[in-house]
Amino acid sequence: MSEAIATPETGFDNGMAELSRLQEWIPVGPEVQLGSRMMALINWLDSKFVAFATETGAREMSVPHCIERSVLEQAGYFDSFPGEGVVDENRGGYLSPATCYHCYAKLAAASLPEPGIWTCISRCGRNEGKEELGRLRKFMMREIVLVGAADWVRQQRRKGMDRILAFAKSLQLRVTLQTASDPFFAGGAARGMMLLQQIKQLKYELRAPVDAPGTEMAIASFNLHEMFFSRRFGFVVNNGVPTHSGCIAFGLERWALALAMQLGPERAFKLSGEEHK
Amino acid sequence: MTEVRDKLLGYINGELLADRALIAGPDTPLFADGWIESLSILKLIAYLELVTGREIPDEEIVMKNFQDVNTIAEHFGTKRP
């Protein structure tokens, strides 16, 4: 898409072969087992995202391990993503396809005195039926959820994009920020939703090249939902000002993988051992 | 271009917004404040393809080309298949 911003180019370092040799990224079917140094890198990255969130005034929200099917129905998930399967945890619920659904459920029917920002993390699950590097069936997602008037939510998303782009640049992680749309199945109202997303620039993705030139992986997304979730879950702000929401999502395994593949595992692992300058 | 613009305005006001107390002008931002929704955009694109006689690829369905009726007509009303 038209608005692409690239950070300086860095080289590839045959990262996947090295990660395998070190036993830090071990694919097991559609899932992955991580070594302790990858886990440390993920925890370090998450601490950075939490710090960014709290700097902007976010409150941390604790969310449950599983999500009820009824919450996903209320969120319109099955209508919006008719081709995706959810991951059943056999504990009376599912792994949420995105962390922010937990947040909207917690905000249901709330009357908020002022705009709000929350951050939460959860293990997520998606059966997307695709085999691609970094496309995992179960993964960790940190999210920052924005609720307020339309202009405020859009401004907060812009700040988030600028801040995270600068963070990636400081790590020498090569990324592009691009408008995007969710991979709805073509046809019917779902295609209309995808095109609206595209026209209104509701979704941006931060994408990192991995493995080889031309192969990219989305490591973060910056989304505007307009009044979709506030209407479905009945939360309002400032005594009923048209209430919009947005979210900023980080795929933690993908961030770590992109760093390890672009910088080389050893250099990436050092980030979690010493504070980045 | 003028013909495409006039036809689009007629279609949007007569069909897409028929149940609403809204009248779009040539420079009304169509995608602000939820004027056009997911089903409506599909109808709008189908109508635009009919009027211009060409298929509209998804790549061209971006805000730059769909800001309002003037920009739609300018982009699609002058471009040849």
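We did not get these values from a lab; they are worked out from the coordinates using the rules stated. Everything numeric in this text was worked out from a predicted model, so none of it was measured. Using ideal geometry, Cβ is built from the backbone for each residue, glycine included, and neighbour counts are taken over all protein chains shown.
Things to note:
- Note: chain B, Cα convex hull, 83 Å³ per residue.
- All lysines inside 26 Å of B:LYS7 as judged from Cα atoms, apart from same-chain residues fewer than 8 positions distant: A:LYS200, B:LYS43, B:LYS64, B:LYS79
- Taking the longest Cα principal axis of chain A as reference, the axis of helix A:252-263 is set at about 30 degrees.
- The value obtained for chain A, namely the Cα convex hull volume divided by the number of residues, is 129 Å³ per residue.
- Each residue of region A:230-237 was assigned a 3J(HN,Hα) from its phi angle through the Karplus expression (A = 6.51, B = -1.76, C = 1.60, θ = phi - 60°), giving 5, 6, 5, 10, x, 9, 9, 10 Hz with x at Gly and Pro.
- Among the residues of B:56-68, the average count of other protein chain beta-carbon atoms within 10 Å of the residue beta-carbon is 3.
- Label-point separation in nm, A:SER20 to A:THR54, each point 7 Å along Cα→Cβ: 4.0 nm
- Label point at A:ASN239 placed 7 Å out along Cα→Cβ; residues across region A:88-127 whose backbone nitrogen lies under 17 Å: A:111-115
- Folded to 0 to 90 degrees: helix A:36-55 orientation relative to chain A principal axis, Cα: 40 degrees
- Take the Cα of A:ALA109, step 7 Å toward its Cβ, do the same at A:GLU128, and the gap between the two points is 3.6 nm.
- Rounded to 10°, Cα long-axis angle of helix A:188-199 versus longest principal axis of chain A: 70 degrees
- 3J(HN,Hα) couplings calculated from phi for region A:141-155 with the Karplus curve 6.51 cos²θ - 1.76 cosθ + 1.60 (θ = phi - 60°) are, in sequence order, 10, 8, 10, 10, 10, 10, 9, x, 6, 3, 5, 5, 4, 5, 5 Hz; Gly and Pro show x.
- For residues of A:193-202, the mean tally of beta carbons on other chains within 10 Å: 6
- Legend: ranking of residues B:ARG54, B:ARG5, A:ARG37 from fewest to most surrounding C-beta atoms inside 10 Å; resulting order B:ARG54, B:ARG5, A:ARG37.
- Between the amide H of A:ARG142 and those of A:PHE250, A:LEU252, distances stay under 5 Å, these residues lying 5 or more places away or on another chain, with hydrogens modeled in the peptide plane.
- Chain A: calculated mean residue ellipticity at 222 nm from DSSP helix runs of at least 4, using -39500 (n - 2.57): -11500 deg cm²/dmol
- Within the listed set A:THR179, A:THR243, A:THR56, the residue fluctuating most in the Gaussian network model of chain A (springs between alpha-carbon atoms under 10 angstrom) is A:THR56.
- Rounded FRET efficiency, nearest 0.05, which uses the C-beta distance separating B:LEU22 from A:SER170 and R0 of 41 Å: 0.30
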